[in-house]
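Report on the following structure.
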């Protein structure tokens, strides 16, 4: 047997050995990495049973990560500012992935709001996003249009001189696009909303989301006599 034949034979034996080792799980060669969107963090590793290719799957998506409440140029009395707190929450998004967001509420209900969102998370009630309204330049219409769930926004009730319960951080709006405000004349807000109780993230009397808020004594705007505010929960009922 010449040297060339011996080299070919040795190479063949090594190839067979590598295949056997991979099959038996003795060792594996490095697997290719899969790039993820920048917003996806806290990944977990999983191995496909079909091809044994190591891949990354998202664990959480960060929707908001402010270090403090951003008031910016918004004219808010110091007495009101002192009542507010930034609460970190987790929820299941419309993409069936876990999200982390933030909501600004009154300090008096901080623990209660944390408990409500924890229960909504545990039952996997879908919420598209939870971001402080300051990121929408305090524009309630814009926040609703992009289906943002929120609480504190120092503003008056539409067509009124009275301050909204949101001005005190004592009201929460959930999934406005699926749960619009419909006034007594039939005007729908936000303008891109449709109320259909079969849609994802919709709230109705007896729904899971309604039951969680109701458990803590929150009143639902869907019970209002003249207008309907299906997104709206408050402690006072206003």
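The values are calculated or read from the model by the stated rules, or taken from the named source; none is laboratory data. Owing to the predicted nature of the structure, the values given are computational and were not obtained by experimental measurement. Quick reminder, even Gly has a Cβ in these numbers, built from the backbone with ideal geometry, and neighbours come from all protein chains shown.
Those residues that are in a helix (DSSP H, G or I) and buried (at least 16 other Cβ atoms within 10 Å of the Cβ), I need them from the range 115-132; list them, please. 116, 117, 119, 120, 121, listed by residue number. If you go through the range 202-214 and keep only what is surrounded by fewer than 19 Cβ atoms within 10 Å (Cβ to Cβ) and touching a residue at least 12 places away in the same chain (Cβ under 8 Å), you end up with 204, 205, 208.
Here residue 142 meets each of (1) in contact with a strand residue (DSSP E or B) (Cβ under 9 Å, 6 or more places away or on another chain); (2) in contact (Cβ under 8 Å) with a residue 12 or more places away in the chain with one exception, condition (2).
All told, residue 226 meets the bar of being modelled with pLDDT under 95 and surrounded by fewer than 21 Cβ atoms within 10 Å (Cβ to Cβ).
For the range 141-166, which residues satisfy the criterion of being in a helix (DSSP H, G or I), crowded, with 20+ Cβ neighbours inside 10 Å and in contact with a helix residue (DSSP H, G or I) (Cβ under 7 Å, 6 or more places away or on another chain)?
Scanning the range 141-166 gives a single hit, 143.
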